[in-house]
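Here the structure comes first, spelled out in structure tokens, and everything after it is commentary.
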């Protein structure tokens, strides 16, 4: 079944909105929890601890959940989601660590909690 251009745009917008409302808030929760576990006291080592906590404790399950939910929302079943996770999870996680760590360091240490996503 092929979607019209208008239906396709609407479908993409709905997925974007759904993804932001679900995963944006989950990501913000990780930042909130990291600041509860390692309070902001101005010590340089605390910032590094928060980033390590985010990168190695919060990020792996978040990516796993993201891959599973997106595959399900695309209309594929549980088995397809598991297959996609097996094929892509480790690669995506390693790339996430390489690319986003510096930005997450800035986000966790210099952006006020209310503005973190």
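Matching residues to (1) at pLDDT 70 or above; (2) within 30 Å of residue 108 (Cβ to Cβ); (3) surrounded by fewer than 16 Cβ atoms within 10 Å (Cβ to Cβ):
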| position | (1), (2), (3) |
| --- | --- |
| 6 | no, no, yes |
| 30 | no, yes, no |
| 36 | no, yes, yes |
| 58 | yes, yes, no |
| 78 | yes, no, yes |
| 81 | yes, yes, no |
One residue from 21, 71 being exposed (fewer than 15 other Cβ atoms within 10 Å of the Cβ) and either modelled with pLDDT of 90 or more or under 14 Å from the mean Cα position of the chain (by Cα) (or both): 21
Single residue of the stretch 90-108 satisfying the filter (over 16 Å from residue 63 (Cβ atoms) and surrounded by 15 or more Cβ atoms within 10 Å (Cβ to Cβ)) that is modelled with the lowest pLDDT: 108
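The values are calculated or read from the model by the stated rules, or taken from the named source; none is laboratory data. All values derive from a computational prediction rather than experimental measurement. A quick note on method: Cβ atoms are made from the backbone with ideal geometry, for glycine too, and the neighbour counts reach across all protein chains shown.
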